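The structure appears below as structure tokens.
The values are calculated or read from the model by the stated rules, or taken from the named source; none is laboratory data. What you see is a predicted model; the values in this text were computed from it and never measured. When we count neighbours, we look across all protein chains shown, and the Cβ atoms used for this are built from the backbone with ideal geometry, even at glycine. What goes into the accessible areas is simple: the full protein's heavy atoms, side chains included, and nothing from ligands, DNA or RNA. Shrake-Rupley method; radii C 1.70, N 1.55, O 1.52, S 1.80 Å.
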Amino acid sequence: MIENPYYTRDVHGDFDLISVGELQLEEGGTIPDCKLAVATYGELDAAKDNVILVPTWFSGSHQIWHDVYIGPDHALDPSRYFIVVVNQIGGGLSTSPHNADDPSIAMSSFPHVRIGDDVVAQERLLREHYGVEQLQLVVGGSMGAQQTYEWAVRFPEKVLRAAPIAGTARNTPHDFLFTEALNEQIWSDPGWQRGEYRSHTEVEDGLTRHAHLWGIMGLSTEFWKQEVWRALEFESKEAFLEGFLEPYFTAMDPNDLLATGWKWQRGDVSRHTDGDLPAALGRITAKTFVMPITEDMFFPVRDCAAEQALIPNSELRPVEDILGHLSLFGVAPTYMPQIDKNLNELLASDV
């Protein structure tokens, strides 16, 4: 275990750390005492049927959902719903390489965790800790969308509605390769020491290069061409990289990013049907709005549309935004109105 001030309540806001016990992993490993960092908003009603689940994305935490997506003026309204945001395993707040207090799974010894392992842990949390058996909605962006699909395929009877935003049910070869390039920036830093560094600061060069790749693929070509960084009060594209993306990623733990990157690369609901994606998506009974972002280069609209066509009772709801994948941060004033419109319609729909 190593200390990293980034992964604290001072940075991310309040959350509960809840154990779901021993978690047997799909790849054969074990997390002896899996702790999930959970933030809740609103009150669970007596029938326990007003629950919305939000799984988090790569490098993200419950904080972004609290700050941007949840509130009385949004579809995710805590006066109506009990909203449970679960930070993914390996992401830095839940059990992760840098914070594991069991030496058998700490740092470079952290086992491979799949999207399905997160969902199994979340289902156990909801059922055993809160007594919740069914969800009004599962909604998540990027890796949260991967978990949303996994929920809808693995536990179709528990998910009434699903809204994967900017993510796919089966990761594409292109996306796998790009994530590998992200990982390589960390692996190639001598300070990484095969995952046994003493502080994330020893891997600052690799984390900086990792951040630069997000500038290339996380943001759209139009973002750079139209110099949108000016609207964010940066004087140059270099200043934007140095003032936003670099400090964002260099504060993080390299092993945590690698653990979640490995998981992201292998997101694939067709594991449940011997590689048959139409059969897997055909299991979904939830009313589903598939919500790609138009300029997203990780999860292009065409990839999301091809999957949506295989999901019964689903609709394709593209979200127009120039930022690309990082539109998920809700910077553009036109972004959240589209998200809220879609989610309000979905939550109002009969199931």
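Taking one equal scatterer on every alpha-carbon of the chain, how large is log10 of I(q)/I(0) by Debye at q = 0.10, 0.11, 0.14, 0.15 1/Å?
Calculated log10 I(q)/I(0) at the listed q: -0.56, -0.69, -1.18, -1.37.
Name the residue, out of 20, 331, 38, whose mean-square fluctuation peaks in a Gaussian network model built on the chain with Cα pairs under 10 Å.
Among 20, 331, 38, the largest mean-square fluctuation in the Gaussian network model of the chain belongs to 331.
Let me spell out the model: positive unit charges on the Cβ of Lys and Arg, negative unit charges on the Cβ of Asp and Glu, origin at the Cα centre of region 248-351. What dipole size does that give, in debye rounded to 20?
Numbers: 8 positive and 15 negative charges, 37 e Å.
Rounded to the nearest 20 debye, it is 180 debye.
Can you tell which of 241, 277, 297 lies farthest toward the positive end of the dipole of region 234-312, using +1 and -1 charges on the Cβ of basic and acidic side chains (Lys, Arg; Asp, Glu)?
Towards the positive end, the residue furthest out is 277.
Expressed as a whole number of Å, what is the distance separating the alpha-carbon centroids of region 24-48 and region 95-136?
6
For residue 225, go through the lysines and keep the ones whose alpha-carbon is under 27 Å away, minus same-chain ones fewer than eight residues off.
237
List every residue whose amide H lies under 5 Å from the amide H of residue 142, counting only residues 5 or more places away in sequence or on a different chain, with H placed 1.01 Å from N in the peptide plane.
Placed amide hydrogens put 165, 166, 167 under 5 Å from residue 142.
Of the candidates 88, 146, 308, which one comes out as most mobile in a Gaussian network treatment of the chain with C-alpha springs shorter than 10 Å?
Highest fluctuation of the listed residues: 308.
For the chain, what is the calculated [θ] at 222 nm in deg cm²/dmol (nearest 500), taking -39500 (n - 2.57) for each run of four or more DSSP H residues and dividing by its residue count?
Details: 12 runs with 108 residues, N = 351.
The helix-only estimate for the chain comes to -8500 deg cm²/dmol at 222 nm.
Explain nothing, just compute: Karplus ³J(HN,Hα) = 6.51 cos²θ - 1.76 cosθ + 1.60, θ = phi - 60°, for every residue of region 116-124 in order, whole Hz, x for Gly and Pro.
Those phi angles translate into x, 5, 4, 5, 4, 5, 5, 4, 5 Hz.
Output wanted: per-residue J couplings in Hz (rounded whole) for region 268-281, from phi through Karplus 6.51 cos²θ - 1.76 cosθ + 1.60, θ = phi - 60°, x for Gly and Pro.
So the Karplus estimates, Gly and Pro as x, are 6, 6, 6, 4, 6, 9, 6, x, 8, 5, x, 5, 5, 5 Hz.
I'd like to know which of 81, 92, 107 lies farthest towards the positive end of the charge dipole of region 74-130, counting +1 on Cβ of Lys and Arg and -1 on Cβ of Asp and Glu.
81
Give, rounded to the nearest 20 debye, the magnitude of the charge dipole that region 1-93 has about its Cα centre when Lys and Arg contribute +1 at Cβ and Asp and Glu contribute -1 at Cβ.
Details: 4 positive and 14 negative charges, 10 e Å.
With Lys and Arg at +1 and Asp and Glu at -1, about 40 debye.
Looking at the chain only, what percent of DSSP beta bridges run antiparallel? Nearest 5 please.
Details: 11 of 31 bridges.
Rounded to the nearest five, the antiparallel share is 35 percent.
Which of 181, 75, 39 moves the most in a Gaussian network model of the chain with Cα springs under 10 Å?
Per the Cα network of the chain with a 10 Å cutoff, 181 tops the list.
Return the lysines within reach of residue 287: Cα separation strictly under 25 angstrom, same-chain partners fewer than 8 residues apart disregarded; answer none if there are no such residues.
List returned: 48, 158, 341.
Which far-off residues, 5 or more places away or on another chain, put their amide H under 5 Å from the one on residue 135, with H placed in the peptide plane?
Excluding prolines and chain starts, which carry no amide H, the hits are 159, 160.
Charges only on Cβ, +1 for Lys and Arg, -1 for Asp and Glu: so what's the dipole of the chain about the Cα centre, in debye to the nearest 20?
Working: 25 positive and 53 negative charges, 158 e Å.
So the dipole magnitude of the chain works out to roughly 760 debye.
Carbon and sulfur together cover what percent of the accessible area of region 1-134 at a 1.4 Å probe radius? Could you put the intermediate results ahead of the total?
Details: 2390 of 5300 Å².
Ligands and nucleic acids excluded, carbon and sulfur reach 45 percent.
Between region 312-351 and region 206-228, what is the C-alpha centre distance in whole Å?
Cα centroid of region 312-351 versus Cα centroid of region 206-228: 23 Å apart.
Using the Karplus curve 6.51 cos²θ - 1.76 cosθ + 1.60 with θ = phi - 60°, work out ³J(HN,Hα) for each residue of region 179-194 in order, rounded to whole Hz, and write x for Gly and Pro.
Rounded to whole hertz, the list is 4, 4, 5, 4, 4, 4, 5, 7, 4, 7, 7, x, x, 5, 6, 6.
Specify whether the C-alpha gyration tensor of region 139-260 places it in the rounded, prolate or oblate class, a ≥ b ≥ c being the square roots of the eigenvalues: rounded for a/c under 1.5, otherwise prolate if a/b is larger than b/c and oblate if not. Please report the intermediate quantities before stating the final value.
Numbers: a/c = 2.32, a/b = 1.30, b/c = 1.79.
Verdict is oblate for region 139-260.
Any chance you could tell me what percent of the C-alpha pair distances in region 58-137 go past 17 Å? Spell out each step's value before the answer.
Details: 1837 of 3160 pairs.
Of all Cα-Cα pairs in region 58-137, 58 percent lie more than 17 Å apart.
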